[in-house]
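> Shown below is the structure under consideration.
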Amino acid sequence: MLEKKNSSLEPLKVTATEYRKPTNVRWHVFIMLLVLCAINYVDRAVLSIAMPLIQKDLELDPAIVGIILSSFFWGYALMQIPSGWIADRYRPDKLLIGSSLLWGIVQTLTGFVNGSKLLIFLRVILGIAEAPLYPSGAKLQSVWLTSKERGRGATLLDSGSSLGTAIGGPVIIAFIAWFGGWRGALIGAGILTIVVSWVVWKVIKGTPETNSRMNEAEREHIKNALEKEYNLDIQDSKLAIKITDYFKSRNFWAMCIGYYSLNTVFYGLMTWGPNYLEKTQNLDIKIIGSSILIIFGFGVIGELIGGWIADFWRSKGGKDNTVMRSLLFIGGLMTAICILLLGLGVATSLIGVIVLLSTALFFLRWAGLYWTIPATISQRKHVGTIAGCMNTAGNIAGIVTPIVIGFTISLTGSYFIALLLFVFFGLTLALASLFINFNKKIGA
């Protein structure tokens, strides 16, 4: 024990913990989640980047390509709510690592396919394996981070999607060169996932109560904030709310509509972006990879900046509704404007196209703040399940969008209608975000 004097010169007893700065283990955990999410999106992007080669090798029609690109999301969307339910009841860190090892194995097997049917089947299984990532990440926010830190935490996690898509191009192109084609690229991506999963597990395993690298100051910082947010000392009155009660809430449906809209634009660009650049700009696969790196790299920067702005604004007294609604509205609106300009043919050169797409991704990824919403509006025992519901809605867009674009291109030979679709959903993202009340938990 140490002593310090108060103004009346009476000695006060304080623990040494008061003089110690909290460690930052919670941020190490979310940096590792960023790494895992980035690898996740490298695994998703590998098929899109290599698709021109796969399409030629397996002689695939554009409509079949759309179905293949969509098939991942069939299993992924199906398992979102079950994954969230499991994360709420068991250790989300164990669920996360188990799923990442499984998807690494499935990705490796994908390199051995010889036809569209087997490729579709393995993509469905890959989607099932990857499903626990985001519900578990949302659940970990309610375990490791205070409400004033979740803007950065959510965007750290979710910026892995843009980072993985960005680096996926150069990485997969390098794998294609090193391992002799698209098959080697898929196998290499799977092995990389298995190795990274083992490294990530070493950092994220455990909880704030059990982590040996965390000091008491950080542990108390987290514990006190979460007790205040979730009223853990009077939870009996809060736990009466049922999952079905969320379905009666405007907050819940606005969240789902907004996230569906976000993913329509993001997955549309992720799955068909490489083909769009190849067809409209006559690029080879190496230049496509470099372009994707720039475009989605701006998405990473935008998402991290959006999370920092949200937490900084709130730390200066900004109300949750003002901060979140403003940022999400601006993000959706700017995305729609950039895509509209692209569709109208304002950009007449490759540089102009990259500038517009990069700007669109910069603002679109501000919507990574959506991953703060499950912990913001849900009771603690439901965070994973509600995150699974939100991601189910979002990934229905992943199912629908590649197919719609594929058939549209097959019928019209143009990307114009697809771009107008993205404009519509950018505006929907902006408007839906205005209907979410970030100041109150459902059932509180």
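> Pick from LYS223, LYS139, LYS228, LYS242: which is over 22 Å from LEU36 (Cα atoms), touching a Pro at 6+ places or on another chain (Cβ under 8 Å) and among the basic types (Lys, Arg)? Outline the logic, then answer.
Details: LYS139 fails: over 22 Å from LEU36 (Cα atoms); LYS228 fails: touching a Pro at 6+ places or on another chain (Cβ under 8 Å); LYS242 fails: touching a Pro at 6+ places or on another chain (Cβ under 8 Å).
None of the others qualify; the one that does is LYS223.
> Out of SER410, SER378, which single residue is buried (at least 24 other Cβ atoms within 10 Å of the Cβ) and hydroxyl-bearing (Ser, Thr, Tyr)? Talk me through it step by step, then tell me what you get.
Working: SER410 fails: buried (at least 24 other Cβ atoms within 10 Å of the Cβ).
None of the others qualify; the one that does is SER378.
Results for (1) surrounded by fewer than 24 Cβ atoms within 10 Å (Cβ to Cβ); (2) among the small types (Gly, Ala, Ser), shown as yes or no for each residue.
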| residue | (1), (2) |
| --- | --- |
| ILE125 | yes, no |
| GLU130 | no, no |
| TYR134 | no, no |
| SER142 | no, yes |
| GLU149 | yes, no |
| ALA154 | no, yes |
| GLY160 | no, yes |
| ALA166 | no, yes |
| GLY169 | no, yes |
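> Looking at (1) surrounded by 24 or more Cβ atoms within 10 Å (Cβ to Cβ); (2) modelled with pLDDT of 90 or more, can you tell me which one SER71 breaks?
If we test SER71 against (1) surrounded by 24 or more Cβ atoms within 10 Å (Cβ to Cβ); (2) modelled with pLDDT of 90 or more, just (2) comes out false.
Residue-wise test of (1) under 25 Å from ASN439 (Cα atoms); (2) part of a helix (DSSP H, G or I); (3) touching a Leu at 6+ places or on another chain (Cβ under 8 Å); (4) hydrophobic (A, V, I, L, M, F, W, C).
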| residue | (1), (2), (3), (4) |
| --- | --- |
| ASP57 | no, yes, no, no |
| LEU69 | no, yes, yes, yes |
| ALA77 | no, yes, no, yes |
| ILE86 | no, yes, yes, yes |
| GLY98 | no, yes, no, no |
| ARG123 | no, yes, yes, no |
| SER142 | yes, yes, yes, no |
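> Here's another thing I want to ask about it. Scan the stretch 179-201 residue by residue and report those that are over 22 Å from ILE54 (Cβ atoms) and either of a type in the set (S, T, N, Q) or surrounded by 15 or more Cβ atoms within 10 Å (Cβ to Cβ) (or both).
The answer is ILE194, VAL196, SER197, VAL200, TRP201.
> Hey, among THR322, THR348, THR359, which residue is among the hydroxyl-bearing types (Ser, Thr, Tyr), assigned to a helix (DSSP H, G or I) and either more than 18 Å from SER161 (Cα to Cα) or at pLDDT below 95 (or both)? Show your work before the answer.
Values: THR348 fails: assigned to a helix (DSSP H, G or I); THR359 fails: either more than 18 Å from SER161 (Cα to Cα) or at pLDDT below 95 (or both).
On inspection, the qualifying residue turns out to be THR322.
> When LEU109 is evaluated against the numbered criteria (1) closer than 16 Å to LEU36 by Cβ; (2) more than 17 Å from the chain's Cα centre (by Cα), which criterion, by number, is the only one it fails?
Failing condition for LEU109: (1).
> To continue, here is another question. Kindly indicate whether ILE128 is within 19 Å of the chain's Cα centre (by Cα) and assigned to a helix (DSSP H, G or I). Explain how you work it out, then say what you get.
On the way: within 19 Å of the chain's Cα centre (by Cα): yes; assigned to a helix (DSSP H, G or I): yes.
For ILE128, the condition - within 19 Å of the chain's Cα centre (by Cα) and assigned to a helix (DSSP H, G or I) - is met.
> Next up: Would you check which residues across the stretch 405-444 are without any contact (Cβ under 8 Å) to a residue 40 or more places away in the chain and either among the β-branched types (Val, Ile, Thr) or not in a helix (DSSP H, G or I) (or both) and list them?
Scanning the stretch 405-444 gives THR408, THR412, GLY413, SER414, ILE417.
> Residue by residue through the stretch 325-345, note down the ones that are surrounded by fewer than 19 Cβ atoms within 10 Å (Cβ to Cβ) and either outside any helix (DSSP H, G or I) or among the β-branched types (Val, Ile, Thr) (or both).
Answer for the stretch 325-345, where residues must be surrounded by fewer than 19 Cβ atoms within 10 Å (Cβ to Cβ) and either outside any helix (DSSP H, G or I) or among the β-branched types (Val, Ile, Thr) (or both): ILE330, ILE337, LEU344, GLY345.
> Now, a different point. Please go through the stretch 205-242 and give me each residue that is at pLDDT 70 or above, outside any helix (DSSP H, G or I) and under 18 Å from THR376 (Cα atoms), ordered by number.
Result: ILE241, LYS242.
> Which residues, taken from the stretch 3-47, are of a type in the set (Val, Ile, Thr), modelled with pLDDT of 70 or more and in a loop (DSSP other than H, G, I, E, B)?
Result: THR23, single match.
The values are calculated or read from the model by the stated rules, or taken from the named source; none is laboratory data. In this text the structure is predicted, and so the values were computed from the model without any measurement. Counting neighbours? That spans all protein chains shown, and the Cβs are built from the backbone with ideal geometry, glycine included.
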